[in-house]
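The values are calculated or read from the model by the stated rules, or taken from the named source; none is laboratory data. What you see is a predicted model; the values in this text were computed from it and never measured. For neighbour counting, all protein chains shown are included, and Cβ atoms are generated from backbone atoms with ideal geometry for every residue, glycine included.
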């Protein structure tokens with residue numbers, strides 16, 4: 001009986017990252033904010049340009065720039081994860097869907113207090 005409960009708990013814990021990722025990708029919950037940092041906003045705009053142009057090389061440049069911003073703590077982890085999921089979607093050929101998600105994120109930004 002205890003082994004069965006432990007196995008169920010392990011499965012539930014293992015499934016949690018999938019649920020969090022799915023919620024991020026589906027747009028469930030509040031969109032991450034990037035409006036407080038000019039560099040992050042410019043990076044999101046550059047990503048929109050890369051996706052609109054359907055340019056894999058620009059997409060790579062944007063990904064590198066986002067990683068640099070994240071490493072410098074100029075981009076939050078939730079915002080980085082969201083933008084990375086948009087990049088993955090574009091790379092898979094879902095350019096239109098990726099663009100829609102990115103536009104939705106950009107439009108959801110609120111002015112910092």
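List of remarks:
- Residue, surrounded by the most Cβ atoms within 10 Å (Cβ to Cβ), within segment 65-101, restricted to residues that are in contact (Cβ under 8 Å) with a residue 12 or more places away in the chain and in a loop (DSSP other than H, G, I, E, B): 75
- Qualifying residue in segment 102-112 (condition: over 15 Å from the mean Cα position of the chain (by Cα), in a helix (DSSP H, G or I) and modelled with pLDDT of 95 or more): no
- Check on residue 48, surrounded by fewer than 16 Cβ atoms within 10 Å (Cβ to Cβ) and within 15 Å of residue 109 (Cβ to Cβ): no
- Those residues of segment 22-53 which are at pLDDT below 90 and either assigned to a helix (DSSP H, G or I) or on the phi < 0 side of the Ramachandran plot (or both), in sequence order: 22, 23, 24, 25, 26, 28, 30, 31, 35, 36, 37
- Conditions (1) at pLDDT 95 or above; (2) surrounded by 15 or more Cβ atoms within 10 Å (Cβ to Cβ); number of the one not met by residue 56: (2)
- Neighbours by Cβ (under 9 Å, 6+ apart or cross-chain): first from segment 30-44, within 13 Å of residue 81 (Cα to Cα); second at pLDDT below 90 and in a helix (DSSP H, G or I): 32/24
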